[in-house]
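Please treat every number below as a calculation from the coordinates, not as lab data. Keep in mind the model is a prediction, meaning the values are calculated, not measured. Note: ideal-geometry Cβ built from the backbone for every residue, glycine included; neighbour counts use all protein chains shown.
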Amino acid sequence: MAGDVKGKIVFADIVLGHWPKWEDMLRVFEGAMSAGGLTVIKEICHEFEPQGTTHIWLLSESHMSVHTWPESNFFAIDIFTCGKEGNPGAVLDYIKDNLDIINCTINEKSRGII
């Protein structure tokens, strides 16, 4: 059907007041996905030298990725959901409530409008 939205991507640039341990951040991201009704199928993580991490979760609703720059207390997060499944806004709300955020820029775009 013309005008149907196939998915939505919400992406944010986030600066923290202090950089927590990666394990603590992972717990926040896991809680955030749960709060947003997202279901993890698989995940992959790569740690860069001397610092920084890329973590990608394959979701039954699509995917979520986090890219970190600890030296700048910065991370970028992308949350892509298909159809009406999941709530990326709730994911970001959970993150905002559970990390020491001093700056957060959020963008949202519908995908697959044909």
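In the set (i) 14.5; (ii) 17.2; (iii) 24.3, which value of Kirkwood radius over Cα pairs in Å was calculated from the structure you see?
Working out Kirkwood radius over Cα pairs in Å from the coordinates points to (i).
What is the sum of charges, Lys and Arg at +1 and Asp and Glu at -1, for the other residues whose Cβ falls under 12 Å from the Cβ of Ile113?
Charge balance in the 12 Å sphere: +3.
So how tilted is helix 88-98 from the main axis of the chain? Cα-based, degrees 0 to 90, rounded to 10.
Helix 88-98 sits at roughly 20 degrees to that axis.
Are there any trypsin sites (Lys or Arg not before Pro) in segment 22-96 that are in a DSSP loop and have at most 16 other Cβ atoms within 10 Å? List them by number.
Here the trypsin sites (Lys or Arg not before Pro) that fit, given the DSSP loop and packing criteria, are Lys84.
Any chance you could give the angle, 0 to 90 degrees and rounded to 10, that helix 22-35 forms with the longest Cα principal axis of the chain?
Value to nearest ten degrees: 20.
Measure off 7 Å from each Cα along the Cα-to-Cβ vector at Cys104 and Cys45, then give the distance between these two points in nanometres to one decimal.
For Cys104 paired with Cys45, the spin-label model returns 2.2 nm.
With labels modelled as points extended 7 Å from the Cα through the Cβ direction, what inter-label distance (nm, one decimal) is found for Asp93 paired with Glu23?
In this crude label model, Asp93 to Glu23 measures out at 3.0 nm.
Kindly provide the helix-only [θ] at 222 nm of the chain, computed as the sum of -39,500 (n - 2.57) over DSSP H runs of four or more divided by all residues, to the nearest 500 deg cm²/dmol?
-7000 deg cm²/dmol, from helical runs alone.
At Ala76 and Val5, where each label point lies 7 Å from the Cα along Cα→Cβ, what is the point-to-point distance in nanometres?
2.3
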